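The next block holds one structure in the form of structure tokens; read it before the comments.
Any read-out appearing in this document is the output of simple, stated calculations on the displayed coordinates, not a laboratory observation. Model, not experiment: these values are computed from the prediction. We place every Cβ from the backbone using ideal geometry, glycine too, and count neighbours over all the protein chains shown.
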Amino acid sequence: MISDNIDKAVEILNNNDLVAIPTETVYGLAGNIYCEEAVSKIFEIKNRPFFNPLIVHIHSIKQLDELTNYIPPKAQLLADAFWPGALTLVLKKNSKVPNIITAGKDTVAIRMPNHPTTLALLEQLNFPLAAPSANPFGCISPTKAIHVEEYFGNSLQMVLEGGDCKNGIESTIIGFESDMPVLYRLGAISIEDIEKAIGTVKIINTRENIAPDAPGMLEKHYAPLTSTYLESDIEAAIKSFSNKKIGLLLLSKKINNPQIVHQEILTEHGDLQEAATNLYAALHVLDKLNLDVIIAERLPDIGLGKSINDRLERATKK
Ligand code: TXA
Ligand code: MG
């Protein structure tokens, strides 16, 4: 059920069950980090492998002390600069953080989401919330309450309504090696903006080179059920799929071609933030049209364009 009743969400979470929560990035599937029953249910409902750790959501920087005994200086700078916001920090965990959350790792991923409904919810709880994106493992992430309802309708008591997600793609994840920042996942805050705040970040999580400390980054992910391709030359790609029903995911300009059944434009004015906001909703629309193929346009490889290309590369991995 989709509802904006925060008190009801508090009640469900206090009863060790799950609630889907809105954040500024994507909707999350949330449960009490200290309740094994709730956390197991998150993995079960999502069909998520247990080796893939969860992000812990908090409502104030002070709550970090509950989860870790050590905050690297650059992690503190990042938290001060970007929280609440779409940045996840991977820090050494303390002994209170259950191993099921971290998949047995000695680090824990933490973020303070920038969404008024979810911040209000977290303030009323005596525990942080573990929340992966609220989609079955590998599928397109949800940016509207209705996406979550369509995925999990019957197995979930409540989707907390928080409107459309403003950022539209998952948080950027930064870990630390001997206090030096390392990028684990491109995301809603561009690497350029992060480097403005703390200087150079080691970038090892590219498609060719996966950060060994970031489990869950390898697999095909964010993927429509329809066969999807990422291309720079859209006209050439259309030619290679003659006699097929084609849908297009384009940055800003529509294409005139009778073979095209439907086109989704991410941003009319070439604004990459707007493109990120619209990305998953456009993929959800295209995936429902019974197309033979979706062809997505490769975006400029700068700022959020990099993060969007990363998601589209994983979505189109064969
Ligand atoms: O924007 C977001 O981050 C959303 C919203 C709901 O907060 N959440 C999200 O969660 O994207 P999920 O589970 O879909 O992705 C979490 C990623 C996974 O790739 C996981 O491997 C990584 O975070 N992660 C979690 N704990 C980690 C750790 N200790 N070390 C390295 N990577 C970690
Ligand atoms: Mg996810």
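Points to keep in mind about this one:
- Cross-link partners for Lys144 among the lysines, with Cα-Cα distance under 28 Å and sequence neighbours closer than 8 places in the same chain left out: Lys8, Lys41, Lys46, Lys166, Lys220, Lys245, Lys253, Lys254, Lys288, Lys306, Lys317, Lys318.
- Computing FRET efficiency as 1/(1 + (r/R0)^6) for Tyr34 and Gln76, where r is the C-beta to C-beta distance and R0 is 22 Å, gives about 0.30.
- Summarising the label geometry, the points placed 7 Å from Cα in the beta-carbon direction at Lys245 and Asn47 lie 2.3 nm from one another.
- Cα gyration tensor category, rounded, prolate or oblate, for region 8-148 with a/c compared to 1.5: rounded
- Near Glu264: Cβ cut-off under 14 Å, other residues only, Lys/Arg at +1 and Asp/Glu at -1. The net charge is -1.
- Three-way shape label, region 217-279, alpha-carbon gyration tensor, a/c 1.5: oblate
- Contact order normalised by residue count of region 227-315, Cα under 8 Å, 6+ apart, percent: 38
- Listed values for region 243-250 are Karplus-derived 3J(HN,Hα) couplings in whole Hz (6.51 cos²θ - 1.76 cosθ + 1.60, θ = phi - 60°), namely 6, 10, 7, 10, x, 10, 10, 10, and x replaces Gly and Pro.
- With at most 16 other Cβ atoms within 10 Å, longest stretch of the chain clear of loop chymotrypsin sites (Phe, Trp or Tyr not before Pro) (DSSP): 138-240
- Cut-off under 5 Å, modelled amide H: who pairs with Leu230 long-range: Ala296
- Subtracting the Cα-Cα distance of Phe137 and Glu274 from their residue separation scaled by 0.36 nm leaves 46.8 nm.
- Two-decimal log10 I(q)/I(0) for the chain, as the Debye equation yields it once each C-alpha is a single scatterer, q = 0.08 Å⁻¹: -0.35
- When Met1, Met180 are arranged by Cβ crowding within 10 Å, least crowded first, meaning fewest neighbours, the order is Met1, Met180.
- Förster radius 22 Å - calculated FRET efficiency between Ser232 and Lys288, Cβ distance, rounded to 0.05: 0.25
- Computed 3J(HN,Hα) for region 291-298, one whole-Hz value per residue from the Karplus formula 6.51 cos²θ - 1.76 cosθ + 1.60 where θ = phi - 60°, is 7, 7, 9, 10, 10, 9, 8, 5, glycine and proline marked x.
- The H on the amide N of Gly138, modeled in the peptide plane, is under 5 Å from the matching H of Tyr222, each at least 5 residues off or on a different chain.
- DSSP beta bridges in region 2-203 [antiparallel fraction, %, rounded to 5]: 60
- Ranked list, fewest to most other Cβ atoms within 10 Å of each Cβ, for Thr118, Thr228, Thr107: Thr107, Thr228, Thr118
- With R₀ set to 35 Å, the beta-carbon distance separating Lys253 from Asp4 gives a calculated FRET efficiency near 0.40.
- Result for the chain in a Gaussian network model with C-alpha springs under 10 Å: among Ala236, Ala145, Ala188, the largest mean-square fluctuation is at Ala236.
- Computed helical MRE - 222 nm, the chain, DSSP H runs ≥ 4 contributing -39500 (n - 2.57), nearest 500: -8500 deg cm²/dmol
- The amide H of Ala30, built 1.01 Å from its N in the peptide plane, has Val19, Ala20, Ile21 as neighbours under 5 Å, considering only residues 5 or more places off or on other chains.
- In plain terms, the residue of Cys35, Cys165, Cys139 with the fewest other Cβ atoms within 10 Å comes first and the most crowded comes last, giving Cys35, Cys139, Cys165.
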